[in-house]
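Notes follow once the structure below has been shown.
The values are calculated or read from the model by the stated rules, or taken from the named source; none is laboratory data. Source: prediction; values computed, not measured. Cβ: placed from backbone, ideal geometry, glycine included. Neighbour counts: every protein chain shown. What goes into the accessible areas is simple: the full protein's heavy atoms, side chains included, and nothing from ligands, DNA or RNA. Shrake-Rupley method; radii C 1.70, N 1.55, O 1.52, S 1.80 Å.
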Amino acid sequence: MTTSASTREPANRSGLLTFVLLVPASFWYLFLLVVPLAVVVIYSFGERAPNGGYAPAFNLDNYATALARPGPFVLSLAIAISGTILCLVTAFPLAYFIATRVTKRKTLLIILLVIPFWTSFLIRTIAWLTILGPRGLSGFLSDTTGTDLAILGTPAAVMIGIVYNYLPLMIFPLYVTLERLDRTLLEASKDLGAGRWATFRQITLPIIWPGVITGSILVFIPLMGEYVIPAILGLGKVFLIGNVLQLDFLSSRNWPAGSAKAVGLILIMLISVTFYLWSANRGRRTREVSIL
C-alpha cells in the first residue's frame with residue numbers, strides 16, 4: 001500500500017503541473033482563436049442591418065453569393081501558389097550559398113536579410129511605388145524600348161512585392177535545415193558515382209524537406225489573405241479576396257457577406273494546406289523507399 005501510494009503521488013503532481021502549464025495556452029487558443037472563429041461563422045448566416053453591421057438571421061444567401069462570384073478566390077489561390085513557388089525558387093540558392101559557401105561573413109548576410117523587417121511592411125511596399133513607377137523601372141524600360149510600359153497595376157508588380165516582402169520567411173527555414181547538412185554525405189555520394197541531380201534528390205532534398213514545408217506554409221497562408229500589396233502595387237486593379245473582405249467589413253459594412261467569404265477563405269486554406277502536407281509526406285516516403 002505504501003509503495004502504491006508513493007508511486008501515485010508523483011504521477012498526480014506531474015498531472016497537476018501539466019494542467020497548470022496548459023491553462024495559459026488553452027485560454028489563449030480558446031478566446032483568441034476559437035471564439036472569434038465561432039463569431040465569424042455565426043455572422044456568416046446573418047444579414048446586413050439597415051445601418052450596416054450584423055442583424056440576426058439564418059440563411060445561406062451570403063454563401064450563395066460568394067460561390068456565384070469565385071473570381072477573387074481563384075485569383076488569390078493562384079497568386080498564393082505562384083508567390084510561394086517563386087519565393088522557394090529564389091530563396092533556395094541564397095540559403096544554400098549562405099549555409100554552405102560563406103564562412104566568415106555569414107552573420108553579416110543574415111543581418112542584411114533581417115534588416116528589412118526593422119521597417120514597416122507598409123513602408124517597404126510603398127517604396128516599390130517609386131522603384132516600379134514612371135521615374136523608376138517603368139520609365140527606364142519605356143525609354144529603352146520606345147514603348148509605354150507600365151508595371152504598376154499589373155500582377156507582375158504584385159508578384160515583385162510579394163517575393164520581396166515574403167522572401168525571408170522562406171529563406172530562414174531553408175537555411176536552418178541546410179545548416180544541418182553533413183558535407184561528408186555529399187562527398188560519399190560523389191565517391192559512389194552519383195551525379196549532382198541524384199545527390200540532390202536522394203540526400204539534399206530529404207534533409208531540407210522540413211524546411212521547404214515550413215517555409216511554404218509560412219508564405220502561403222498569409223498570402224491567401226494578402227490585401228496591402230495588391231491595393232498599393234496593383235493600384236486596385238488586382239483584386240484578391242483580402243481586398244474583397246476589406247470592402248465588405250469596412251466600406252459597405254456588410255459583415256455577414258464578409259464573414260461568409262472569410263469562412264470560405266479559411267476552408268480553402270485548410271484544404272490546400274492539408275493536401276500539401278499529405279502530398280509532401282507521401283513524396284518523402286516514396287523517396288525513402290527509392291533510396292532503400
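Please give the number of the condition GLY133 fails out of (1) touching a helix residue (DSSP H, G or I) at 6+ places or on another chain (Cβ under 8 Å); (2) touching a residue at least 24 places away in the same chain (Cβ under 8 Å).
If we test GLY133 against (1) touching a helix residue (DSSP H, G or I) at 6+ places or on another chain (Cβ under 8 Å); (2) touching a residue at least 24 places away in the same chain (Cβ under 8 Å), just (2) comes out false.
Select, from VAL244, VAL238, the only residue that is open to solvent by less than 30 Å² (accessible area, probe 1.4 Å), of a type in the set (A, V, I, L, M), assigned to a loop (DSSP other than H, G, I, E, B) and in contact with a Pro (Cβ under 9 Å, 6 or more places away or on another chain).
Just one listed residue meets the conditions, VAL238.
Of these, LEU205, LEU169, which one is modelled with pLDDT under 85, of a type outside the set (Asp, Glu), under 24 Å from the mean Cα position of the chain (by Cα) and open to solvent by less than 80 Å² (accessible area, probe 1.4 Å)? Steps first, answer last, please.
Details: LEU169 fails: modelled with pLDDT under 85.
Going through LEU205, LEU169 in turn, the sole match is LEU205.
Is there a residue being over 18 Å from the mean Cα position of the chain (by Cα), part of a loop (DSSP other than H, G, I, E, B) and surrounded by 15 or more Cβ atoms within 10 Å (Cβ to Cβ) anywhere in the stretch 253-264?
Within the stretch 253-264, one or more residues are over 18 Å from the mean Cα position of the chain (by Cα), part of a loop (DSSP other than H, G, I, E, B) and surrounded by 15 or more Cβ atoms within 10 Å (Cβ to Cβ).
If we only count helices (runs of 4 or more DSSP H) wholly inside the stretch 103-202, which ones have 3 or more residues that are under 30 Å from VAL228 (Cβ atoms)?
106-114, 121-132, 137-145, 155-179
Output the number of residues of the stretch 172-189 satisfying the condition of being modelled with pLDDT under 75 and either under 13 Å from TYR96 (Cβ atoms) or among the basic types (Lys, Arg) (or both).
The total comes to 2.
Can you tell me which residues in the stretch 58-76 are aliphatic (A, V, I, L, M) and open to solvent by 50 Å² or more (accessible area, probe 1.4 Å)?
LEU60, ALA64, LEU67, ALA68, VAL74, LEU75
Against the condition surrounded by fewer than 17 Cβ atoms within 10 Å (Cβ to Cβ), at pLDDT 80 or above, β-branched (Val, Ile, Thr) and part of a helix (DSSP H, G or I), how does VAL219 come out, does it pass? Talk me through it step by step, then tell me what you get.
Values: surrounded by fewer than 17 Cβ atoms within 10 Å (Cβ to Cβ): no; at pLDDT 80 or above: yes; β-branched (Val, Ile, Thr): yes; part of a helix (DSSP H, G or I): yes.
For VAL219, the condition - surrounded by fewer than 17 Cβ atoms within 10 Å (Cβ to Cβ), at pLDDT 80 or above, β-branched (Val, Ile, Thr) and part of a helix (DSSP H, G or I) - is not met.
To keep it simple, each residue is scored yes or no on (1) open to solvent by 80 Å² or more (accessible area, probe 1.4 Å); (2) touching a His at 6+ places or on another chain (Cβ under 7 Å); (3) farther than 25 Å from LEU235 by Cα.
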residue: SER138; (1), (2), (3): no, no, no
residue: SER142; (1), (2), (3): no, no, no
residue: ASP148; (1), (2), (3): yes, no, no
residue: GLY193; (1), (2), (3): no, no, yes
residue: TRP197; (1), (2), (3): yes, no, yes
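For the stretch 222-235, what are the residues that are open to solvent by less than 40 Å² (accessible area, probe 1.4 Å) and assigned to a helix (DSSP H, G or I)?
LEU223, MET224, VAL228, ILE229, PRO230, ILE232
Output the residues belonging to the stretch 45-59 that are among the hydrophobic types (A, V, I, L, M, F, W, C) and touching a Ser or Thr at 6+ places or on another chain (Cβ under 9 Å). It would help to see each step written out before you state the result.
Taking the stretch 45-59 and keeping what is among the hydrophobic types (A, V, I, L, M, F, W, C), we get 45, 49, 55, 57-58.
Matches in the stretch 45-59: PHE45 only.
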